[in-house]
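Data block below; observations after.
The values are calculated or read from the model by the stated rules, or taken from the named source; none is laboratory data. The shown structure was predicted, so the numbers you read here are calculated from the model rather than taken from an experiment. Cβ: placed from backbone, ideal geometry, glycine included. Neighbour counts: every protein chain shown. Heavy atoms of the whole protein, side chains included, go into the accessibility calculation; ligands, DNA and RNA do not. Shrake-Rupley method; radii C 1.70, N 1.55, O 1.52, S 1.80 Å.
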Amino acid sequence: MREGINGFFADHALNEFTIDRLRDRLADPRRTILVSQNVVGIDGMIELVVEASAPVAGCSNVEISTLYVQPRHQGSGKGVALLQAGLVHARSSGHAGVWLAVNAENHGAVAFYERQAFQKAGETNYEIEDQRYLNSVMRRNL
């Protein structure tokens, strides 16, 4: 597993996660963003997207596009709580399942999802410019 973030990924993140793009995501009715916060700030977030086509067959149309917990809060149960809140939201909205893509080299994240009853459905690549990164596509029925 890679530690930290190199300049290539930092540049990508700075280009992708701008204030304008975040405003667009918040205004998109297909997206639901839930956050965990404490008195100091945000611990983590989960973002679900409906009408999202999975890159492999057999998945629902609800993607967990982001589940992020700040490193200092990992292992505290916040990731499980955010995931459960997202699953409850998807189920209460009438959806039968969810899917996500996770970096195949992030063994900790893959193991986390497997502990939460996600199963590998296939593989895809995350592409940034001319580089490709293998991702596992995982799904879970609700």
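When the residues of the stretch 113-134 are filtered to those that are assigned to a loop (DSSP other than H, G, I, E, B), open to solvent by 40 Å² or more (accessible area, probe 1.4 Å) and not aliphatic (A, V, I, L, M), which remaining residue is farthest from residue 80 (Cα to Cα)? Steps first, answer last, please.
First pass over the stretch 113-134, keeping only residues assigned to a loop (DSSP other than H, G, I, E, B): 116-118, 129-130.
When the remaining residues are screened for being open to solvent by 40 Å² or more (accessible area, probe 1.4 Å), the result is 117, 129-130.
After this cut, where a residue has to be not aliphatic (A, V, I, L, M) as well, the list is 129-130.
Numbers: 129: 32, 130: 34 Å.
Across the stretch 113-134, the extreme among qualifying residues is 130.
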Within the stretch 17-60, of all residues that are open to solvent by less than 60 Å² (accessible area, probe 1.4 Å) and of a type in the set (Gly, Ala, Ser), the one nearest to residue 134 (Cα to Cα) is 54
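Output the residues belonging to the stretch 85-113 that are without any contact (Cβ under 8 Å) to a residue 24 or more places away in the chain, over 20 Å from residue 71 (Cβ atoms) and not polar (S, T, N, Q). Working first, answer last.
Keep residues of the stretch 85-113 that are without any contact (Cβ under 8 Å) to a residue 24 or more places away in the chain, which gives 88, 92, 94, 109, 111.
Subset that is over 20 Å from residue 71 (Cβ atoms): 88, 92, 94.
Of everything in the stretch 85-113, those that are without any contact (Cβ under 8 Å) to a residue 24 or more places away in the chain, over 20 Å from residue 71 (Cβ atoms) and not polar (S, T, N, Q) turn out to be 88, 94.
Residue by residue through the stretch 55-84, note down the ones that are of a type in the set (Val, Ile, Thr) and in a loop (DSSP other than H, G, I, E, B). Steps first, please.
Our first condition is that a residue be of a type in the set (Val, Ile, Thr); within the stretch 55-84, this holds for 56, 62, 64, 66, 69, 80.
Scanning the stretch 55-84 gives a single hit, 56.
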Flagged in the stretch 27-62 as closer than 19 Å to residue 136 by Cβ and within 12 Å of the chain's Cα centre (by Cα), in numbering order, are 46, 47, 48, 49, 62
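How about the stretch 36-54: which of its residues are free of Cβ contacts under 8 Å to residues at least 12 places away in the same chain and in a strand (DSSP E or B)?
Going through the stretch 36-54, the residues free of Cβ contacts under 8 Å to residues at least 12 places away in the same chain turn out to be 37-41, 53.
Within the stretch 36-54, just 37 meets the criteria.
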Here the qualifying pairs (Cβ atoms under 7 Å; residues six or more apart or on different chains; first in the stretch 61-84 and open to solvent by less than 40 Å² (accessible area, probe 1.4 Å); second among the polar types (S, T, N, Q)) come out as 82/36; 83/116
message = Given the condition out of contact with any strand residue (DSSP E or B) (no Cβ under 6 Å at 6 or more places or on another chain), open to solvent by less than 40 Å² (accessible area, probe 1.4 Å) and not in a loop (DSSP other than H, G, I, E, B), answer yes or no: does some residue in the stretch 85-103 qualify?
response = yes
